[in-house]
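Everything on this sheet refers to the single structure shown next.
The values are calculated or read from the model by the stated rules, or taken from the named source; none is laboratory data. Note that the coordinates shown come from a computational prediction; the quantities given were computed from them, not determined experimentally. Ideal geometry is used to build each Cβ from the backbone, glycine not excepted, and the neighbour counts take in all protein chains shown.
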């Protein structure tokens, strides 16, 4: 039994070690939380030593010591070379500091230092954790010996993508700018559109390892307090290693996980986000993501495109109705085809029935299998088209459309009618302006196809009923997802099925979101009767 | 549950509870009694239904916001009586759900899916109903409003499209039957209208429970109006004799609609729309049973296990408890008596009992003082 005695301490130790790991993990990840919550020391030497040990002597951590010998200096400047604008640091931080230290100015050194640094944003901090967060986000830190505070100068730089045209939410008429990965650029794009001091920004840092900046934006006086508090609360509860895109935040804070429908909008268009803010929505901007989130949202918002508001109301309304129909086609057409050809042939007019029957003659698969095969083939082609290098992307569409489709029909594997159904369904799916919603529609389509193949129209209706109940019970940050349709809000129907002319949209379309409902004066109100001055008699 | 049901939603819920099965069965049943005077019978029973709705609505309006019906009852009639009433009503809603489900699947099987085993169809329906009941009354109310608003233009359209096939003389001679026969012909529809008793369960979750009576009355009025229009439409197109020989006259009526050579056989679309209303109706009944059970038994756990158990029981009951060739007249006979007793007499008895016990408590309190 001696071996057991030797093994026992190992088991005990490993159990304890595991517990300690999990405890530290639940608090601050790999760093000891005490390191980060500790205050800065008065001794510059001690501060530098702690920072160096925290960074493990990273190669891109630059430490410049001024006003004395190395190790005994008066001022230190720290930054990560990879993410700062070096030219900016040299010109606006280093040069004044050198002058300051050489000049040996008297009086209050800290206030002199503030005046000396010609940078716009200078943050004062006394915690090691704050210092770390700023340095990791491209700030340059200035530490002064004998002072337990540090200064962070905004010097964020490094290589970034410039503002380009949106890639997934294009319009023919309207602004052509899109968000980038830089939170500052994105904030600039929004601030340039909404020039009011009521546009409020609140900042969060989320992610134990990534320490990602997440900003929430809203317009005070328009936004409702309840969803705003909900957004703040949910963001502050996120405790995760990394936030690499707004998609992470979306999944953490949305109301319901088990749904195919998106409960938050995302947009890469600053104009769309600005419009959302003006309707009382809250924007969530995540550093590193070109997609800004909007909450709360409703089902109908996913069928509204930015362009609806830039072009004439009549064509915009027509296109919107087309989008709703396309959504229905996208989820229902293959399942209806399966149900009708398998169970309810009597529904079809006789000539059409004969035509379909002759096409299906010799096809070895039932309609359900035939449809599933074609739909899955299309999904494979679509996925391949996204992943393939752009130069060969067009080849994929040729292979898919011509070779596979035509060959499959000629080989007698699928009917021509099925090719038409699948193609039209696919095209209809692309009409939906939101990719999140169109992805949801793709999933629902497969479920409905299976139901149609087993129970015909009864199966489709069962599926639709579950879907409908699910939809009306969804909420986005407390706002019913199907409003203004269910529950019905008559006053908000001006921007649902159609978009009425701007002068008639006196109130904001989604009253559930905001306090201030009125958004325009009466100067352009459409007169109901010919204008006449008071007392003027008709001829 | 929160108090979010509006008056409009209450009316729509009442309509959804009554209309879906009534629309199929009532035309034939009433015409069997009073032939071309069926519409007068329906008019009379609608007026009766309004009185019933008002009485039950007033009783429901006494409920406290957010307090379930059964719990409210225990405050007025005592725990034991309230528990018995809760269990009895739960049994009623379960039973009526089972009967309605059986009728629904019999219809689906006859009209759409002849070769699919009924037990499979019933199983699939029970799954949908369980999901509906799990989500509570609010989603059902929201969809009910949508369906109500859709049904009105659809009915108007069907009347317009069958105008050319109508013969106005089909309802002559008007008032041929005695008033006693006409009143008796209205008994079956009155049974259906008494399903307005669902308002007792809805009222506590209304934004203003006091408006329960208005919601109930409006629900019955709208239902009655739609039924009268449908019966008149059937009468004008087919005449009383033909309707009596038809199993489901409304389906045959919609089947007549043709626009040119390309829009025909629209009865399948009618059935599809109608199916959605039946799903909701059955969902309301299952919700009623589950809600009453969980409030009466004071379940210490969430709704899911109870839902699963009751759902399985419903599937078994509806699959094996009814003969496969159950006569529709038999069903109608049973249900009318049951509907009137459970929806009308029982709640009214509870209301009277509650009043009496409340009065005696007050008297005791006064004596003590």
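Results, tabulated for the structure shown:
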read-out: Check on residue A:431, away from every other protein chain (no Cβ under 14 Å), more than 18 Å from residue A:338 (Cα to Cα) and touching a helix residue (DSSP H, G or I) at 6+ places or on another chain (Cβ under 7 Å); value: yes
read-out: Residue check, residue A:320 under 22 Å from residue A:489 (Cβ atoms) and in contact (Cβ under 8 Å) with a residue 60 or more places away in the chain; value: yes
read-out: Condition met for residue A:340 (surrounded by 15 or more Cβ atoms within 10 Å (Cβ to Cβ) and either closer than 30 Å to residue B:268 by Cα or within 14 Å of chain B (Cβ to nearest Cβ) (or both)); value: yes
read-out: Scope segment A:273-300; condition over 17 Å from residue A:477 (Cβ atoms), part of a helix (DSSP H, G or I) and touching a residue at least 40 places away in the same chain (Cβ under 8 Å); matching residues; value: A:274, A:278
read-out: Output for segment A:398-415, where each listed residue is surrounded by 13 or more Cβ atoms within 10 Å (Cβ to Cβ), under 40 Å from the mean Cα position of the chain (by Cα) and without any contact (Cβ under 8 Å) to a residue 40 or more places away in the chain; value: A:399, A:400, A:401, A:404, A:405, A:408
read-out: Answer from A:464, A:468, A:451 - the residue that is over 20 Å from residue B:9 (Cα atoms), modelled with pLDDT of 95 or more, out of contact with any strand residue (DSSP E or B) (no Cβ under 9 Å at 6 or more places or on another chain) and outside the structural domain of residue A:325 (by TED's automatic domain parsing); value: A:464
read-out: Conditions (1) over 18 Å from the mean Cα position of the chain (by Cα); (2) within 12 Å of chain A (Cβ to nearest Cβ); (3) more than 26 Å from residue B:238 (Cβ to Cβ); number of the one not met by residue B:133; value: (1)
read-out: Test result for residue A:376, within 14 Å of chain B (Cβ to nearest Cβ), in a helix (DSSP H, G or I) and either modelled with pLDDT under 90 or surrounded by fewer than 19 Cβ atoms within 10 Å (Cβ to Cβ) (or both); value: no
read-out: Check on residue B:120, in contact (Cβ under 8 Å) with a residue 12 or more places away in the chain and within 11 Å of chain A (Cβ to nearest Cβ); value: no
read-out: Residue A:348 being within 14 Å of chain B (Cβ to nearest Cβ), in contact with a helix residue (DSSP H, G or I) (Cβ under 8 Å, 6 or more places away or on another chain) and either crowded, with 21+ Cβ neighbours inside 10 Å or touching a residue at least 24 places away in the same chain (Cβ under 8 Å) (or both); value: no
read-out: Residue in segment A:435-458 that is facing chain B (nearest Cβ under 9 Å) and surrounded by fewer than 20 Cβ atoms within 10 Å (Cβ to Cβ) present; value: yes
read-out: Listing of helices (runs of 4 or more DSSP H) fully contained in segment B:209-275 that carry 3 or more residues being at pLDDT below 85 and surrounded by 20 or more Cβ atoms within 10 Å (Cβ to Cβ); value: B:249-255
read-out: Pairs where the first residue, in segment A:149-175, is touching a residue at least 60 places away in the same chain (Cβ under 8 Å) and the second is loosely packed, with under 13 Cβ neighbours inside 10 Å and in a strand (DSSP E or B), C-beta under 8 Å, 6+ apart; value: A:149/A:124; A:150/A:124
read-out: Filtered residue count, segment A:486-509, keeping only those that are out of contact with any helix residue (DSSP H, G or I) (no Cβ under 9 Å at 6 or more places or on another chain) and either free of Cβ contacts under 8 Å to residues at least 12 places away in the same chain or within 14 Å of chain B (Cβ to nearest Cβ) (or both); value: 3
read-out: Selected residue (criterion: surrounded by the most Cβ atoms within 10 Å (Cβ to Cβ)) from residues of segment A:226-253 that are over 14 Å from residue A:293 (Cβ atoms) and either without any contact (Cβ under 8 Å) to a residue 24 or more places away in the chain or not assigned by TED's automatic domain parsing to the domain that holds residue A:209 (or both); value: A:229
read-out: Failed criterion for residue A:483 (all others in (1) more than 9 Å from every other protein chain (Cβ to nearest Cβ); (2) within 25 Å of the chain's Cα centre (by Cα); (3) assigned to a helix (DSSP H, G or I) hold); value: (3)
